[in-house]
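Please treat every number below as a calculation from the coordinates, not as lab data. Fair warning: this is a prediction, and the values are worked out from it, not measured in the lab. FYI the Cβ positions are ideal-geometry reconstructions off the backbone, even for glycines, and counts take in every protein chain you see.
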Amino acid sequence: MARQQGEDAMALNAEPRPGILDHLARMAPGTPLREGFERILRGRTGALVVLGRNRVITTISTGGFALDVPYTATALRELAKMDGAIVLDAESMRIVSAGVQLMPDPAIPTVETGTRHRTADRVARQSGLPVISVSASMSTISLFLDSSRHVFEQSDQILSRANQALQTLERYRARVSEVTARLSSLEVQDQVTVRDVALVAQRLEMVRRLNAELDGYVVELGSDGRLLALQLYELSAGLDSLRELLELDYRPADDPGFGFAGLAPLDLNDLLNPLALARAIGFAGQDHLDTRVSARGYRQVAQIGRLPPGLGARLIEHFGSLQSLFAASSTELQAVEGVGESRARIIRDGLLRLAEAGYSDRIE
C-alpha cells in the first residue's frame, strides 16, 4: 500500500506552467541562448540578463550602453564581463543594451539573498518579463518569472529524473490496459458500475499527469531529449482517443459538464477516493458507487476494424446502446445508412469477437 501511494504521489508532481515551459524551450540545451549562458558559466563570471524590454525596464534602467546588435553567444559572454545587466529584445535575437544598472522597487518582497538574485527577482516581479541570473560562485543559471524561480540543471540530472518517471509511466500504462480490458468484459455483460468507470478514469488521470511532467522534461532537455520524446509518444498513443470514447459512452444525456477534465484540480487524496472521482467526472452526487451504468458502445465499436469514419456513431445512434447493438441481426444492421450485407457481416463478426473476448476475460 505504501509503495502504491508513493507511485501515486509521483504521478501528482506539479506540472510546469505554460509560461515557464515557453522560456525553458528558449533556454534548452542546443539553443543559442543556452550556449551563451553556458559560456558565461565556463568563464566563471556572473550575469544578469533581461529577456525583453518594456516601459518598466526603461523606467528602472540607468546608465549602460545602447547597442542594438544581433545576438550571439560569444557577444553575450564578452558583455557579461562588464558590471551591470544586459537587456535583450523579446525574441532574444538582438542585444539592446549592456552595462545597465537596474533599480527595481525595493519594497517588492523577495526571499533571495545575493544582490544579483534579489535584483533579478524584483525586476521579474515588477516588469513581468523573464530575467536570467548566472551565479559564478554557485555555477547555476536561474530563471525568474513573476514570483517563481527555476534553476536550470545539467542534462544528465534531468534525464535521471525523467527515466524514473518514464518507468512509472510504463507501469501505469500497463494498468490502464488492464482496467480497460476489465471494463470491456463488464460492458459486454452489462454489469458496469460507477466504481468501474471511476477506476479507469483514475488510471487515465495519473497517466496524464505523468505525461505532463515528462513533457516538461522533454522541453527542458531540448536537443538532448529526442529519445525521451519518442518513448513518451509511444506510451501516450491512443490515450486521448480512449478518454473521448469513454466520455461519449457514459455521459448522461444533455450534460455537457460530464468529462475527465474535472479530475485535473483534484489533489492526491481525492484522486485516490472513488466517490470524489465519480463526482468530479460528473456522475450525480447522490449516486452510490455500485450504481449500474450502461455503455453506449462507442469504444467497443471503435475496435471493429474496417469501418468507415462516422459509421460507428450512426450505429450507436440507431440502436441506442451497446446491448441493443449486440442483439441486432444482420438484417437490422442493414437498416443503418452505409451498412450493406457484407458490412453487416463484418460488424456482426466484430461484435461476436468482442463478446467472446469479454466473457473469456471474465472467466479468467
Calculated from backbone phi, Karplus (6.51, -1.76, 1.60) coupling profile of the range 312-326 in Hz, x at Gly/Pro: x, 5, 5, 5, 5, 5, 6, 9, x, 7, 5, 5, 5, 5, 4
Distant-in-sequence amide H partners of VAL192 (H built 1.01 Å from N, under 5 Å): VAL293
Calculated from backbone phi, Karplus (6.51, -1.76, 1.60) coupling profile of the range 214-224 in Hz, x at Gly/Pro: 5, 4, x, 5, 4, 4, 5, 7, x, 5, 7
From phi via Karplus (6.51, -1.76, 1.60), per-residue ³J(HN,Hα) for the range 84-95 in Hz, x at Gly/Pro: x, 8, 10, 10, 9, 6, 4, 8, 6, 9, 9, 8
Using alpha-carbon coordinates, inclination of helix 155-188 to the longest axis of the chain, degrees: 20
Nearest-ten-degree value, helix 226-236 long axis tilted from longest Cα axis of the chain: 30
Cα→Cβ-extended label distance, 7 Å offset, between GLU112 and ALA253, nm: 6.0
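Relative contact order for the chain: what is it in percent, counting Cα pairs under 8 Å that are at least 6 residues apart?
Details: 528 pairs, mean separation 58.3, N = 364.
The value is 16 percent.
If you filter the range 248-347 for GluC sites (Glu not before Pro), then keep DSSP loop positions with at most 11 other Cβ within 10 Å, what is left? Provide the component values of the computation, followed by the final result.
On the way: sites: GLU317, GLU332, GLU337, GLU341; in loops: GLU337.
Answer in residue order: GLU337.
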The range 218-265-the range 32-76 distance, computed between alpha-carbon centres (Å): 39
Angle in degrees between helix 32-42 and the longest Cα principal axis of the chain, rounded to the nearest 10: 50
GLU356/ARG226 FRET efficiency (R0 45 Å; Cβ-Cβ; nearest 0.05): 0.60
Amide proton proximity set for THR140, modelled H, under 5 Å, gap of 5+: SER135
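On full extension of the chain, what length is gained from GLU178 through SER137, given 0.36 nm per residue of separation minus the C-alpha to C-alpha distance?
Details: separation 41, 0.36 × 41 = 14.76 nm, distance 5.11 nm.
Gain in length upon complete extension: 9.6 nm.
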Amide H partners (placed H, <5 Å) of ALA90, local residues excluded: ARG53
The chain: calculated mean residue ellipticity at 222 nm from DSSP helix runs of at least 4, using -39500 (n - 2.57): -17000 deg cm²/dmol
Cα extents of the chain along the three principal axes, largest first (Å): 85, 42, 37
Convex hull (Cα only) mean projected area of the range 31-152, reported in nm² to one decimal: 6.5
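How big is the dipole moment of the range 219-331 about its Cα centre under a simple scheme where the beta carbon of each Lys and Arg is +1, that of each Asp and Glu is -1, and everything else is neutral? Debye, nearest 20, please.
Values: 9 positive and 14 negative charges, 106 e Å.
That gives the range 219-331 a dipole magnitude of about 520 debye.
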Relative packing of peptides 115-125, 302-312 - highest average C-beta neighbours within 10 Å first: 115-125, 302-312
Quotient of C-alpha Rg and 2.2 N^0.38 Å, computed over the range 298-363: 1.04
